[in-house]
Each structure stands twice: as structure tokens, then as C-alpha cells.
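See structure below.
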Amino acid sequence: MKINRRDFLKISGASGGGLLLSFYFTGCHADAAGRVVFTPNAFLRIDPSSRVTLTIPRPEMGQGVRTSLAMVVAEELDCAWSDVAIEQADLDPKRYGEQYVGGSSSMRDCWEPLRQAGALARRSLLQAAAKQWKVGMEDCDTKSGKVLHAKSGRSATYGELAEAASREKLVAPAKPKSPGQRKLVGQSIRNLDVPDIVTGHIEFGIDTHIEGALYAVIARAPSIGARLLSMDDVKCLQVPGVKAVLRIDADTIPSFGEDNPAPANGVAVLASHTWAAMKGRDALRLEWSAPDASVSTTRMREEAARRSHQPAKWTYREDGNVEKGLQTATRVVDAVYEVPLLAHATMEPMNCLARVTRDRAEIWAPTQNPQAARDVARLLTGLPENAIVIHPQRMGGGFGRRFYNDYVAEAVSLSQKAGAPVHVLWTREDDMRHGFPRPAGYHVLRGAIDGDGRPSVWMHHLLNASRGHFMKWQAPPGREMKPGEIGSDDYPAGLIPNLRIQYTPLDSPIPRGQWRAVEDSANVFVIQSFLSELAHAAGKDELQFNLDLLSGRGAIPYDGGMYDAGRLRHVFEVAATKAGWGNPLPAGRARGIAGSYSHGTYVAHVAEVEAAENEFVVRRIVSAADCGTIINRSGAETQVQGGVLFALAALRQEITVENGAVVQENFADFPLLRIQQAPEVEVELIDNDFPPHGMGEGPVSPVLPAVCNAYFRASGVRIRKLPFNASIATK
Amino acid sequence: MRLNINNRDYEVDAPPAMPLLWVLRDLLHLRGTKFGCGRGLCGACTVHVDGSPIRSCVATAGSVKNQKITTIEGLSGAQLHPVQQAWIEVDVPQCGYCQAGQLMTAAWLIDNKPESTDQEIEEVMNGNLCRCSTYIRIRKAIHQAARIARDRKK
């Protein structure tokens with residue numbers, strides 16, 4: 001990134017002495033005149049005591065971004081890690097640029113600008129010291145928060161130099177450290193928030209509270225689109241602690257636009273504490289319109305099956321000649337794969353605290369998209385942006401659910417009506433029933449093997465109700481809206497000569513949205529499983545079949561950019577070697593392999609599975625993961641392990657809709673993986689100097705195909721429909 | 001009613017049927033104990049009553065009023081409990097929401113059954129769910145905590 005504007009960086013004195021550095025991240029974009037515009041998005045403060053305070057612009061949901069972003073700055077600044085403190089930024093896109101979290105984008109976006117900021121701050125300290133000591137800057141160096149002049153033995157701490165450094169003029173860019181010079185980045189660094197977590201002091205959105213706030217629990221429409229017909233709140237208002245009953249009428253809520261779904265119709269009970277609100281809700285007598293029995297996942301699936309025999313609505317890609325390829329094939333394989341809706345099931349249920357007055361709205365939102373939260377508040381209150389304050393809160397899990405601000409709309413709307421601060425809390429049942437689950441999918445696959453045992457034809461037709469249609473995505477001007485469920489570059493496009501990718505959208509009012517790894521979470525399962533089917537049809541080893549596919553290939557166009565076939569091959573090879581692929585296994589046990597490029601990261605898994613009666617025994621999972629430059633080694637490893645186990649849980653999960661309503665309500669019918677079911681996950685992190693990407697999503701998608709491919713080898717049973725309802729064991 | 005929490009007596013005005021979880025969070029502002037499911041299915045709400053782990057989202061205030069209650073805020077004494085120290089050393093949490101519950105259950109294990117086998121550890125911990133799925137490090141940290149506890153006794 002070329003930095004050629006002097007106002008990239010602004011240094012000033014901090015109140016109380018010290019240095020206040022405002023610098024510019026990621027938000028460099030071109031303005032209407034095509035000029036590069038830098039927007040400031042972080043503050044680095046060095047106190048006279050040498051304490052370094054970094055404001056983190058992106059909210060935390062367990063991906064470790066608070067620590068990893070701090071590490072990048074601290075590395076280039078060359079301060080002592082023990083001097084670093086972090087603060088969470090409020091929403092201020094003019095200052096911080098993008099502040100959403102999702103798509104594994106934080107490190108990818110912030111890496112370069114953060115390095116620059118740290119390096120420039122370090123330079124200002126060197127300049128200040130050199131001036132003070134009247135020596136050449138080239139004779140000074142830094143080490144752990146001190147500037148040193150070797151020749152004379154002089155040194156000064158950053159704290160001592162900070163104020164002088166704040167008066168230095170700086171010209172960007174600075175040269176960041178080379179990989180060999182790094183002391184922090186690439187190491188295993190303990191997450192900065194752990195001491196607060198283990199002592200119970202860490203605060204999540206659900207824990208925020210202000211004086212006078214009412215707790216609100218909402219009785220929402222019991223079926224999709226149901227309307228309130230009548231309400232009797234007499235008994236409810238008699239429950240001790242209940243203060244008010246207010247309606248949430250979706251019809252009166254303005255449309256929030258793309259990716260900003262409105263909340264469901266509901267009746268809110270506001271009380272002085274949560275339990276009273278829950279008891280009050282139980283005491284409501286509500287009559288709702290009848291459920292729409294035609295709205296069900298069973299019917300959606302039947303519709304998909306029926307439509308799959310008709311021509312696809314859209315052909316996204318047509319390579320070579322699939323008909324000719326099929327005619328000359330040695331083997332043709334047909335398969336239908338089905339995947340269900342999946343809930344996010346964050347441990348912390350949805351909630352939000354809002355204080356809305358006539359002049360101001362202040363919102364404590366555990367949200368992945370604080371910018372959209374402000375849009376919601378602006379549309380509901382009519383207040384200007386500068387009268388709306390968003391405090392993004394730590395989230396007890398996001399996984400994509402918290403990208404949608406329906407719970408913010410509820411809190412803002414209720415606070416506005418109640419004339420008091422309101423903290424909306426969802427119960428687990430509310431959360432399970434009123435989410436935006438990962439879309440279901442009906443996948444029709446046809447593939448062929450030629451006379452040389454190579455895959456010669458690949459046809460993939462996906463039919464589903466997309467998240468794009470539900471979330472009101474708009475088409476770019478003059479173009480058709482692609483709802484994002486499958487892409488024209490999806491694997492193995494570019495690798496098989498005769499290839500067709502098609503999509504047919506289905507209509508449904510069932511809510512759906514983005515889940516961890518988004519469409520890859522479904523499509524990679526289908527694609528990597530079907531490749532295994534083709535390998536089997538060709539009589540070839542699954543690993544070799546995958547490696548041959550990528551053999552000799554370099555950059556493959558993908559999603560407006562590219563991925564590196566060599567790096568994808570490499571993770572297959574590393575996982576296979578580490579797992580001992582090809583070594584004999586006891587009877588009944590087998591290995592499966594799958595890999596993908598997803599969200600900037602290359603990951604392959606080898607699973608060792610035993611097929612037992614009614615039991616799916618996962619003996620071992622070996623993962624190779626390449627996210628480019630590794631920032632926090634401990635963080636990267638735990639994201640791979642956590643992502644693998646998160647994905648494994650989906651083997652047995654589904655959200656179904658019957659008679660217009662979500663069936664599942666709590667962890668008994670949407671089971672999370674338990675510790676007894678968690679296999680060891682051996683992780684090999686690939687070390688290289690490619691630009692860093694996130695590790696939150698990459699590991700997720702190849703897990704299910706790896707375990708299901710192994711299950712096939714062990715049992716002869718091909719799992720094409722999820723969930724697979726055998727219990728999961730590890731021994 | 002009077003509740004004894006973390007060695008302190010609190011006078012609370014709560015209906016006896018109110019779950020202890022909400023007394024802790026909303027009336028006493030002890031928010032370290034978390035709400036996850038409301039049905040005792042996930043373990044996020046785990047506290048100790050007379051030294052044993054219970055699910056505070058289903059245990060009523062009335063049922064514990066004559067007992068000693070310990071929450072995550074009271075787990076450390078003069079120093080961190082071995083599980084807290086181990087959790088830091090092993091870098092266990094991701095989002096952290098379930099971890100208070102995990103720690104309370106693990107603390108009971110270390111204090112009462114430090115010689116547990118892996119199978120016994122998992123049986124005890126199996127009721128504490130983690131969506132981020134930090135189970136691999138939880139296992140490691142429990143072993144580490146047992147080592148720390150043994151070393152402290154020396």
C-alpha cells in the first residue's frame with residue numbers, strides 16, 4: 001500500500017503528557033475524485049510511564065482480535081509487551097474505518113496499516129532521542145520500550161521521550177521489520193483478556209447495565225410472519241417487578257435495507273429484573289394468527305427435489321462440453337447431497353442495552369456490525385448520526401449471527417417507547433427460534449471419469465432458498481443479483497475441463513443468514529465428498545486424486561481474486577504426511593481427507609474414523625492450516641482446533657421448520673459438541689511470509705467431508721444427507 | 001432472605017422461587033455467572049453450593065438460603081485457584097462466555113478428585129458446553145491445574 005500523504009499520521013501531545021498518535025488503517029479508499037483518502041482508525045497512546053495503550057477498532061467475539069491486532073503494533077513499535085494495554089473503540093468509522101467483524105477480515109485489512117503505524121511511532125521516538133542527544137538517528141536503536149545509543153551507552157524510555165516524539169515531523173512510509181527481526185509476531189502470546197475471564201470480571205453485552213435500566217423479555221410471534229390478534233396483559237402487569245408491556249409491531253418498523261432484518265412481531269415485558277420479565281411474559285395471554293402450514297423445511301426440500309428435474313434457473317459457469325465429456329466417459333457418477341439449516345447457538349444469547357432520549361441514543365451492543373447498528377438506530381429514532389453512540393461489546397460468540405442487528409432494533413424501539421434505558425434479553429428458546437440459520441441446500445452432482453482415470457466432467461447444481469434473497473440484497477446497477485450461495489469460481493472450477501455450475505433460487509419466508517464460513521460450510525462438504533466419490537469410481541487413492549487435480553497449477557482465479565493451487569496442494573500433503581496416510585490401520589478404521597481454500601486460508605484435514613453400530617467414532621483429526629504470516633501462534637492453533645470441533649458438531653445438528661415454526665428450542669434438540677465427543681486435533685501450522693489472513697473460518701468447511709469420507713472407507717456407507725444421526729464418540 | 005455468597009452475607013429481597021442465577025446477576029450485580037440456557041443444560045451458570053457444583057439457573061434462591069455459595073468472583077483466595085492459573089498458562093478461553101462455569105466445575109474436580117482419570121474428568125466436565133469448543137485446552141488445563149495443586153501442597 002503506497003502511503004504518500006503527510007496526513008497519514010497525526011502526532012500530538014496527549015493530555016497529561018506523553019504521545020498521542022492517531023493513525024490510519026485499512027480505510028484507505030478513493031474518493032469521488034479518485035484521490036486516495038486515508039481515514040484514521042486507531043489511537044496509540046504512550047504515557048510518560050511508557051505504558052502503551054492501543055484502541056482496538058474491531059469488536060471481540062472469541063477470534064482473539066484484541067490481542068492479535070495489538071501484537072502487530074507492539075512489534076513494530078518495539079515496546080515491551082508487558083507495557084501494552086488495550087481499549088475497545090466506540091463506533092467512529094470516520095476515525096477507524098471499517099469496524100465490522102466477519103469474513104475473517106480483521107487481520108487481512110489491518111496488517112499493513114498497523115505495521116506502518118507502529119513503525120512510524122518508533123521512528124518518532126528515535127528522532128526525538130537523536131535530537132536530544134545530538135547524535136545521528138542511524139546510531140540509535142530501540143529495544144523493548146527504550147531507545148539506545150550504543151556508542152555512548154545512553155538510553156531513554158519511550159515514556160521519557162514520548163512528549164518530545166509527539167512534536168516530531170514524520171514522513172511515511174516507514175520500513176516495517178523483516179520476518180527475521182520479529183520478536184512478537186509469530187510467537188505464542190497469551191490472550192490479554194484471559195485474566196479477566198478466569199476471575200469473572202470480563203464483561204459481555206449481557207453484563208452491561210446502567211442505573212434505571214429495565215430488563216425486557218419479548219414474547220415473539222410463535223410462527224413465521226404471525227400477527228398479534230389480541231393481548232391480555234392484566235395478569236402480567238400484576239407480576240411483582242413488571243413495569244410495562246409494549247408491542248413490537250414489525251409493520252411499523254422502517255425497512256433497514258440489506259443485511260439488516262427487522263425483528264419479529266412481539267410483545268415485550270419490561271421489568272426491574274430479568275426473572276420478573278420472564279414471569280411476566282409467562283403471564284401474558286396472547287392470541288396470534290394461525291401458522292402457515294405450508295412453511296416447512298420438509299416442503300422446501302420437496303420443492304427442491306421437484307425443481308431439480310427442471311432446467312436450472314441460472315448457469316454461472318460453462319467450461320468445455322459436458323455432454324461430450326459424459327458421452328466419452330468411462331464412469332459417470334450421480335449424487336444428490338442435502339444439508340440442513342444450522343443455528344449459530346452462540347453461548348451468550350442475543351441481547352442489547354439501549355438508552356434513547358429525544359436528543360440522543362446510546363447503545364451497548366454485542367454486535368459484529370456496529371455500523372449497521374447505528375443505521376438501525378438512526379432509522380428508528382430519526383436522530384442524526386452524531387447523536388447516536390454505539391459501544392460495541394464483547395460477544396459470547398458471533399459466528400455470523402451477530403452481524404444482524406434485529407436485537408438492537410428491539411432495544412432501541414423499546415427504550416424509545418418506554419422513555420427509559422432498556423436491556424433486551426433473549427432466552428435460549430428465543431435465540432434458537434428467531435435466528436437466521438445457515439441456509440439448507442439441495443445439491444445435484446454429476447461427474448465423470450475418463451479412460452485415464454481422471455475427472456473429466458463436473459456438474460454442480462445447487463437449489464436453495466438463499467440468504468441474499470432473504471436479506472434483501474440489491475443487484476449492482478445493470479447486473480443481476482447473485483445471492484451468493486454458489487460461485488462461478490467454486491472448486492474445482494478451472495481444474496476439470498468440462499464443468500458446469502448452476503443455481504436455482506427457491507422462495508421461502510424461512511429466515512436464513514450467514515454462518516461461520518458461510519456458503520463454504522455447505523458447499524465444501526458437498527464438493528470434497530463428491531470428489532471422494534469420483535476418486536473411488538476411478539479406483540484411485542483419495543489423497544492422490546486430490547493432489548493430481550492441483551498438480552502443475554498455479555494461480556487459480558477465484559471470487560474476484562485468486563488462490564494458489566500450490567498452497568492448497570501443500571496443506572493436503574502436510575496433513576497426509578502428519579497423519580501417516582497410507583500406513584495400515586486396524587480393521588474397521590479408515591482415513592478420509594478433504595481440504596479447501598476458504599476466507600483467505602488453506603486448510604486440509606485428515607480424519608481417522610471407525611464405523612460402529614449407531615456410533616460415529618472419530619479417532620483422530622490431523623489438520624494443516626496455512627493462513628499466511630502467523631500472528632499469534634497460540635491463537636491460530638486454538639482457532640483451528642475450535643473450528644474443527646465446531647464443524648464436527650454439525651454432523652448431528654439441524655434446524656427444521658414445521659407448521660410455520662422452528663422446531664428446535666434448546667440444547668436438548670440442537671446439541672453442541674461435548675467434551676466427551678471431542679477428538680484430539682493435531683495442528684500443523686504452515687509457516688510462510690505471505691500476507692496474513694484470519695483463521696476463524698478456514699478450518700471449518702473441510703471437516704465434515706474429511707470425516708464422512710473416512711466413514712465411507714470404514715463402512716461402505718456414503719453420507720450424502722446431513723444431519724447424520726449416529727452419536728459421536730471418540731473412543 | 002439472607003444468602004451467604006463468597007463468605008459474605010447478603011440481605012436480598014427475592015421470591016424463594018427465583019433462580020439463584022438472577023439473584024446473583026440482577027439483584028447483587030455479581031455478573032460473572034452467566035445465563036446460557038435456563039434449563040441446566042449448558043453449565044454456564046455453575047456455582048458452588050457447600051462446595052459442590054450446581055446449576056444456578058434452576059436452583060432457586062430459597063433452596064440455597066442456608067448454604068455457602070461460591071461464585072467465580074470468589075474462587076480465588078489469596079492467590080488464584082489452580083484452575084484459574086492453569087487456564088491462563090494454557091491460554092484456554094476464546095470468547096470466554098462459558099468459562100466461568102467450566103472453571104467452577106473444574107475447581108470442584110481439582111479440590112475433590114485430583115487423581116481423576118481422563119475418563120472421569122470428561123464425565124464430570126461433560127455438562128459444561130463450549131460453542132467455541134475449547135475442549136482440547138480445557139483437558140490440558142485440568143491436568144496442569146492438578147500439577148499446580150500438587151506443587152502448592154509441597
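The values are calculated or read from the model by the stated rules, or taken from the named source; none is laboratory data. Everything quoted here is computed from the prediction, not taken from an experiment. Glycine also receives a Cβ, built like all others from the backbone with ideal geometry; neighbour counts cover every protein chain displayed.
What number of residues within segment A:183-202 satisfy the criterion of being closer than 18 Å to A:Pro692 by Cα and either out of contact with any Pro (no Cβ under 9 Å at 6 or more places or on another chain) or facing chain B (nearest Cβ under 8 Å) (or both)? The number of residues fulfilling the criteria is 5. For segment B:68-90, taking the residues that are more than 9 Å from chain A (Cβ to nearest Cβ) and either in contact with a strand residue (DSSP E or B) (Cβ under 6 Å, 6 or more places away or on another chain) or in a strand (DSSP E or B) (or both), the one that is nearest to B:Arg152 (Cα to Cα) is identified as B:Thr70. Quickly run through segment A:574-597 and pick out the residues that are out of contact with any helix residue (DSSP H, G or I) (no Cβ under 7 Å at 6 or more places or on another chain) and either hydroxyl-bearing (Ser, Thr, Tyr) or at pLDDT 95 or above (or both). The answer is A:Val574, A:Ala575, A:Thr577, A:Lys578, A:Ala579, A:Gly580, A:Gly582, A:Asn583, A:Pro584, A:Leu585.
Would you confirm, using the coordinates I've provided, whether B:Thr117 is more than 10 Å from chain A (Cβ to nearest Cβ), touching a residue at least 60 places away in the same chain (Cβ under 8 Å) and among the hydroxyl-bearing types (Ser, Thr, Tyr)? Criteria not met by B:Thr117.
Taking every residue in segment A:373-401 that is of a type in the set (Asp, Glu) and pairing it with any residue that is surrounded by fewer than 24 Cβ atoms within 10 Å (Cβ to Cβ) and not in a helix (DSSP H, G or I), at least 6 positions away or on another chain, the pairs with Cβ-Cβ distances below 9 Å are A:Asp375/A:Phe256; A:Asp375/A:Gly257; A:Asp375/A:Asn260.
All conditions in (1) part of a loop (DSSP other than H, G, I, E, B); (2) surrounded by fewer than 21 Cβ atoms within 10 Å (Cβ to Cβ) hold for A:Asp196, with the sole exception of (1). Based on what the data block shows, is A:Ser166 in contact with a Gly (Cβ under 8 Å, 6 or more places away or on another chain) and of a type outside the set (A, V, I, L, M)? Criteria met by A:Ser166. If you go through segment A:656-668 and keep only what is in contact (Cβ under 8 Å) with a residue 40 or more places away in the chain and surrounded by fewer than 24 Cβ atoms within 10 Å (Cβ to Cβ), you end up with A:Thr656, A:Glu658, A:Asn659, A:Gly660, A:Ala661, A:Gln664, A:Glu665, A:Asn666, A:Phe667. Contact annotation: residue pairs with Cβ atoms under 6 Å, 6 or more positions apart or on different chains, pairing a residue in segment A:671-691 that is more than 7 Å from every other protein chain (Cβ to nearest Cβ) with a partner that is in a helix (DSSP H, G or I) and β-branched (Val, Ile, Thr), are A:Val683/A:Val640; A:Glu684/A:Val574.
If you check B:Asn112, B:Asn126 for being polar (S, T, N, Q) and facing chain A (nearest Cβ under 9 Å), only one passes: B:Asn126.
Remark: A:Ala517 matches the filter, which requires a residue to be at positive phi and either crowded, with 22+ Cβ neighbours inside 10 Å or among the basic types (Lys, Arg) (or both).
Inside segment B:131-145, residues that are buried (at least 22 other Cβ atoms within 10 Å of the Cβ) and more than 7 Å from every other protein chain (Cβ to nearest Cβ) make up a count of 3.
Is there a residue being without any contact (Cβ under 8 Å) to a residue 60 or more places away in the chain, away from chain B (no Cβ under 14 Å), farther than 25 Å from A:Ser105 by Cβ and not polar (S, T, N, Q) anywhere in segment A:598-614? Yes, some residue in segment A:598-614 is without any contact (Cβ under 8 Å) to a residue 60 or more places away in the chain, away from chain B (no Cβ under 14 Å), farther than 25 Å from A:Ser105 by Cβ and not polar (S, T, N, Q). Of the residues examined, B:Trp108 is one that is within 18 Å of B:Asn128 (Cβ to Cβ), part of a helix (DSSP H, G or I), touching a Gly at 6+ places or on another chain (Cβ under 8 Å) and touching a residue at least 24 places away in the same chain (Cβ under 8 Å). From the list B:Ile88, B:Ile148, B:Ile69, the one residue that fits, being touching a Pro at 6+ places or on another chain (Cβ under 8 Å) and touching a residue at least 24 places away in the same chain (Cβ under 8 Å), is B:Ile148.
Scanning segment B:4-55 for residues that are more than 11 Å from chain A (Cβ to nearest Cβ), within 11 Å of B:Ile72 (Cα to Cα) and polar (S, T, N, Q) turns up just one, B:Thr46. If I ask for residues that are under 23 Å from B:Cys37 (Cβ atoms), touching a Gly at 6+ places or on another chain (Cβ under 9 Å) and more than 10 Å from every other protein chain (Cβ to nearest Cβ), which ones from segment A:640-670 would you list? If the condition is that a residue be under 23 Å from B:Cys37 (Cβ atoms), touching a Gly at 6+ places or on another chain (Cβ under 9 Å) and more than 10 Å from every other protein chain (Cβ to nearest Cβ), then A:Ile655, A:Val662 are the ones that fit. Give the residue, chosen from A:Leu114, A:Leu91, A:Leu125, that is in contact with a helix residue (DSSP H, G or I) (Cβ under 8 Å, 6 or more places away or on another chain), of a type outside the set (Gly, Ala, Ser), modelled with pLDDT of 90 or more and assigned to a helix (DSSP H, G or I). The unique qualifying residue is A:Leu125. Checked against (1) free of Cβ contacts under 8 Å to residues at least 60 places away in the same chain; (2) within 20 Å of A:Phe204 (Cβ to Cβ); (3) facing chain A (nearest Cβ under 7 Å), B:Cys98 passes all but a single condition, namely (1). Take the residues in segment B:1-49 that are touching a residue at least 24 places away in the same chain (Cβ under 8 Å) and hydroxyl-bearing (Ser, Thr, Tyr); name whichever of them is surrounded by the most Cβ atoms within 10 Å (Cβ to Cβ). Out of the qualifying residues, it is B:Thr46.
Counting only strands (runs of 3 or more DSSP E) that sit wholly inside segment A:274-346, not one has at least 1 residues that are at positive phi. Only one of the numbered conditions (1) over 22 Å from B:Gln102 (Cβ atoms); (2) more than 13 Å from chain A (Cβ to nearest Cβ); (3) in contact with a Ser or Thr (Cβ under 8 Å, 6 or more places away or on another chain) is violated by B:Lys65, and that is (3). Scan A:Asp251, A:Asp207 and give me the residue that is within 24 Å of A:Arg401 (Cα to Cα) and within 14 Å of another protein chain (Cβ to nearest Cβ). The match here is A:Asp207.
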